[in-house]
Amino acid sequence: MRASASTYAARIRRFRLPRLCVAVIGSDASSIVERAESLVRDNPFLEFRLDYLSQPVAALPKLKNFLEMHPEATVLATCRRAVNGGRFRGSAEAELGVLLKAADTGFQLVDLELQSAKALKSDALQKLSDRVGLILSYHNFRNTKKLEEPFDEMSECPADFYKIVSTATNLYDNVVMMKFLEENSAKHEMVGLCMGEQGIISRVLGVRAGSVFTFGAATRGEETAPGQATAMELRDTYRIETVDAATQVYGVAGDPVEQSLSPVMMNAAFRRETVNAVYLSLHAKSLKDLLACVRDIPIRGLSITMPYKQEIVEELENSDPPTRLVGACNTVVRGVDGKLYGFNTDMAGIVVPLEQRMHLAGTRILVVGAGGVARAAAFGLKAKGAEVFITNRTPEKAQSLARQSKTKYIKRSEVAKQSFDVIINATPVGMGNGKQTPLEEKELNTKYVFDLVYVPAETRLIKMARAKGIQVIPGLEMFVQQGARQFEIWTGKPAPVAEMAYVVTKALERRAAEEAAEGRRSLAGKATRKAVPKKARKERR
Ligand code: NAP
């Protein structure tokens, strides 16, 4: 039965649509249906990427069964052509043919690219929008410039939704996208976001700027666009369904920040304490770009990480004593006056886990490293009355830090001859691999080893210390404690430390399992390649 455009518009009114549309992919009908079946219970709004199917039209009868079995789901059909960033190799007419058949199959919405719409006759387009809800879309895979130009062209074609997707080449592009959505969403049903790693701001906050919904990947590895977050991240970490105008925005800013576990930890803390706030990962390639976003979004608070901990100090209206002492800031609050106030919680991150185990006055502590975190350790522990020794790959830096913090420099060759209460690793050695260690076994004459590296959770240093019967403090404790202080500074509430530690531990375990599976896959690949003679491999290709 055919329905008029107005009937469809009524069926898909924005308030009936969930905010999250999950993209489903598969190479044949059975696999796409299988994926959809596993997703539909938690995700009532799905996009079937028909262009990923080798034979989209032939697959439709099987998809029809799925649609009939799940009348509760809203399902969108997309058959994006390769020229527009999809996988469908046919012409615009062929794309239209697939979408018309998808409409007859029972899909409630279809997505048609502006370029395809322009290549079609207007009555062909009318035929499509008479049968099904139409999303007219435009993708820019290069930048976020001149969004009005394609939008003016799009507005000439009647559609239920206008979708503009651009690429963020910096953080401020998200602001450009959100301003664009704010300007146009009162007149049109809009969907808008920026692709790319830097586009996460618009993927989460776009819905409050006027985007009716946003897109998520089913799982990691099933992304259908660059920078697409998973449905689970958007729903559970960023709480996309509850983001509103009152939601305070926070984030971790640095370069790189892709691997940061701060969003998982801080969003869990906000959820636990029912704070209406969202915490994003902000890949800032320059401080200027970051500061422009802080002003325009506006962002209420920031965790600052490398390489901006020192540079940000210049931008602060005022800062706490640890920031002034260390000369580095890892926590920013944007006051109601719009000015930035700085704090250093790294110091607490090192001192608190140690104070939970010992009285620091009079203890002998060796700090390995003389960078930013070693500075926080040296000044913080000295202030607590510890006798602090610094050693470092570049001795001059250790000597300079020892002078400034009124602690002691120790040559690396002397370390094995001394004994300590605590040895702290404040270098990146051991990060991301289980083989390297900043000290050798014979140098570990200590009661405690505190490894500030927290990825992996079990570094070689930690393993070596355990094997020697030395008590260990994992870097995760510093991570959680510095984050807990940030939470308290931003919200004035006690931080849910146990919850924060739990989610970070789980995230690290998940990551380690994913890496192990990845390692097994590549080993299996190597084994297969070995088993197949070189000549046969060549022939297969
Ligand atoms: P940083 O300012 O870059 O300082 C790095 C220090 O490590 C420098 O003293 C450097 O020696 C030394 N170093 C680097 N590579 C080395 C190598 N291959 N062998 C020996 N020494 C080496 O970094 P940072 O901000 O202080 O951070 C240091 C580490 O602390 C990070 O990598 C991270 O793993 C950890 N961290 C943990 C947390 C947490 O919450 N747990 C928070 C922040 C940082 P030179 O002076 O000779 O270059």
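Against the conditions (1) at pLDDT 95 or above; (2) touching a helix residue (DSSP H, G or I) at 6+ places or on another chain (Cβ under 8 Å); (3) of a type in the set (D, E, K, R); (4) over 22 Å from A23 (Cβ atoms), where does R131 fall short? Just the number, please.
Here R131 clears every test but (1).
Let me spell it out: the conditions are (1) in a helix (DSSP H, G or I); (2) open to solvent by 20 Å² or more (accessible area, probe 1.4 Å); (3) away from the ligand (no atom under 16 Å from the Cβ), and R485 meets all of them except one. Which number is the exception?
(3)
Taking the stretch 438-452, which residues are under 19 Å from E414 (Cβ atoms) and assigned to a loop (DSSP other than H, G, I, E, B)?
P438, L439, E440, L444, N445
Tally up the residues in the stretch 371-395 that are open to solvent by 40 Å² or more (accessible area, probe 1.4 Å), under 39 Å from the mean Cα position of the chain (by Cα) and more than 15 Å from the ligand (Cβ to nearest atom), please.
Looking only at that region, the number is 3.
Within the stretch 468-480, can one find any residue that is within 16 Å of the ligand (Cβ to nearest atom), within 16 Å of F420 (Cα to Cα) and modelled with pLDDT of 95 or more? Step through it out loud before you land on a result.
If we filter the stretch 468-480 for residues that are within 16 Å of the ligand (Cβ to nearest atom), which is where we start, we get 472-480.
Add one more test, that the residue is within 16 Å of F420 (Cα to Cα), and what stays is 472-473.
Cutting the leftovers down to modelled with pLDDT of 95 or more gives us 472-473.
Yes: one or more hits.
Scan (1) of a type in the set (D, E); (2) touching a Gly at 6+ places or on another chain (Cβ under 6 Å); (3) modelled with pLDDT of 95 or more for the single condition E197 breaks and write down its number.
Of (1) of a type in the set (D, E); (2) touching a Gly at 6+ places or on another chain (Cβ under 6 Å); (3) modelled with pLDDT of 95 or more, only one is false for E197: (3).
I need the full set of residues from the stretch 261-288 which are farther than 19 Å from T491 by Cβ, under 18 Å from the mean Cα position of the chain (by Cα) and not aliphatic (A, V, I, L, M), in order please.
S281, H283, K285, listed by residue number.
Read through the list (1) more than 28 Å from R510 (Cα to Cα); (2) within 13 Å of the ligand (Cβ to nearest atom); (3) of a type in the set (F, W, Y), then give the number of the only condition that Y454 fails.
Of everything listed in (1) more than 28 Å from R510 (Cα to Cα); (2) within 13 Å of the ligand (Cβ to nearest atom); (3) of a type in the set (F, W, Y), Y454 misses just condition (1).
Among the candidates R300, R272, R295, which residue alone is under 26 Å from A498 (Cβ atoms) and out of contact with any helix residue (DSSP H, G or I) (no Cβ under 6 Å at 6 or more places or on another chain)? Walk me through how you get there before you give the answer.
Numbers: R272 fails: out of contact with any helix residue (DSSP H, G or I) (no Cβ under 6 Å at 6 or more places or on another chain); R295 fails: under 26 Å from A498 (Cβ atoms).
The unique qualifying residue is R300.
Hey, among the residues in the stretch 396-451 that are open to solvent by less than 70 Å² (accessible area, probe 1.4 Å) and aromatic (F, W, Y), which one's farthest from the ligand (Cβ to nearest atom)?
Looking at the filtered set, the residue picked out is F420.
Can you pull out every residue in the stretch 246-292 that is among the aromatic types (F, W, Y) and surrounded by fewer than 24 Cβ atoms within 10 Å (Cβ to Cβ)?
The first filter runs over the stretch 246-292 and keeps only residues among the aromatic types (F, W, Y), leaving 250, 270, 279.
Across the stretch 246-292, the qualifying residue is only F270.
Check whether at least one residue in the stretch 342-363 is within 15 Å of the ligand (Cβ to nearest atom), assigned to a helix (DSSP H, G or I), open to solvent by 40 Å² or more (accessible area, probe 1.4 Å) and more than 29 Å from V249 (Cβ to Cβ), and report yes or no.
No: zero hits.
Being in contact (Cβ under 8 Å) with a residue 60 or more places away in the chain and either part of a helix (DSSP H, G or I) or in contact with a Phe, Trp or Tyr (Cβ under 8 Å, 6 or more places away or on another chain) (or both) is true for just one of L290, L302. Which residue is that? Step through it out loud before you land on a result.
Values: L302 fails: in contact (Cβ under 8 Å) with a residue 60 or more places away in the chain.
Among L290, L302, only L290 is in contact (Cβ under 8 Å) with a residue 60 or more places away in the chain and either part of a helix (DSSP H, G or I) or in contact with a Phe, Trp or Tyr (Cβ under 8 Å, 6 or more places away or on another chain) (or both).
Go through (1) open to solvent by 50 Å² or more (accessible area, probe 1.4 Å); (2) under 20 Å from M265 (Cα atoms); (3) more than 16 Å from the ligand (Cβ to nearest atom) one by one and return the number of the condition M306 breaks.
Failing condition for M306: (3).
Please return the ranges of helices (runs of 4 or more DSSP H) entirely within the stretch 132-216 where 1 or more residues are among the hydroxyl-bearing types (S, T, Y), touching a strand residue (DSSP E or B) at 6+ places or on another chain (Cβ under 9 Å) and open to solvent by less than 20 Å² (accessible area, probe 1.4 Å).
200-209
Is it the case, given these coordinates, that L291 is under 22 Å from E182 (Cα atoms), away from the ligand (no atom under 16 Å from the Cβ) and under 16 Å from the mean Cα position of the chain (by Cα)? It would help to see each step written out before you state the result.
Values: under 22 Å from E182 (Cα atoms): yes; away from the ligand (no atom under 16 Å from the Cβ): yes; under 16 Å from the mean Cα position of the chain (by Cα): no.
No; evaluated as a whole, the condition is false for this residue.
Residues in the stretch 102-111: is at least one farther than 22 Å from R220 by Cβ, of a type outside the set (D, E, K, R) and touching a Gly at 6+ places or on another chain (Cβ under 6 Å)?
Start the filter on the stretch 102-111 by keeping residues that are farther than 22 Å from R220 by Cβ, which leaves 102-111.
Then drop every residue that is not of a type outside the set (D, E, K, R), which leaves 102-103, 105-110.
Then keep just the ones that are touching a Gly at 6+ places or on another chain (Cβ under 6 Å); that gives 108-109.
For the stretch 102-111, residues farther than 22 Å from R220 by Cβ, of a type outside the set (D, E, K, R) and touching a Gly at 6+ places or on another chain (Cβ under 6 Å): present.
Among the residues of the stretch 62-91, what is the count of those that are over 19 Å from L114 (Cβ atoms) and in contact (Cβ under 8 Å) with a residue 40 or more places away in the chain?
Summing the residues that are over 19 Å from L114 (Cβ atoms) and in contact (Cβ under 8 Å) with a residue 40 or more places away in the chain in the stretch 62-91 gives 4.
Restricting the search to the stretch 309-341, which residues are of a type in the set (S, T, N, Q), open to solvent by less than 80 Å² (accessible area, probe 1.4 Å), within 16 Å of the ligand (Cβ to nearest atom) and not in a helix (DSSP H, G or I)? Quick ask: steps written out before the conclusion?
Applying the first criterion (of a type in the set (S, T, N, Q)) to the stretch 309-341 yields 310, 318-319, 323, 330-331.
Okay, now just the ones that are also open to solvent by less than 80 Å² (accessible area, probe 1.4 Å), so 319, 323, 330-331.
Filter once more, so that each one left must be within 16 Å of the ligand (Cβ to nearest atom): 323, 330-331.
Answer for the stretch 309-341, where residues must be of a type in the set (S, T, N, Q), open to solvent by less than 80 Å² (accessible area, probe 1.4 Å), within 16 Å of the ligand (Cβ to nearest atom) and not in a helix (DSSP H, G or I): N330, T331.
Scanning the stretch 453-464 for residues that are open to solvent by less than 20 Å² (accessible area, probe 1.4 Å) and assigned to a loop (DSSP other than H, G, I, E, B), which turns out nearest to R364 (Cα to Cα)? It would help to see each step written out before you state the result.
Quick first cut of the stretch 453-464, residues open to solvent by less than 20 Å² (accessible area, probe 1.4 Å) only: 453, 459, 461-462.
Adding the requirement that they be assigned to a loop (DSSP other than H, G, I, E, B) leaves 453, 459.
On the way: V453: 21, T459: 23 Å.
Filtering the stretch 453-464 for residues that are open to solvent by less than 20 Å² (accessible area, probe 1.4 Å) and assigned to a loop (DSSP other than H, G, I, E, B), the one nearest to R364 (Cα to Cα) comes out as V453.
Mind telling me which of the residues E443, E414, E458 ends up being of a type in the set (D, E) and under 30 Å from E258 (Cα atoms)?
Values: E443 fails: under 30 Å from E258 (Cα atoms); E414 fails: under 30 Å from E258 (Cα atoms).
Exactly one residue qualifies, and that residue is E458.
The values are calculated or read from the model by the stated rules, or taken from the named source; none is laboratory data. This is a predicted model, so every value here is computed, not measured. No Cβ is skipped: glycine too gets one built from the backbone with ideal geometry, and neighbour counts run over all protein chains shown. Accessible surface areas use protein heavy atoms only, side chains included; no ligands, DNA or RNA. Shrake-Rupley method; radii C 1.70, N 1.55, O 1.52, S 1.80 Å.
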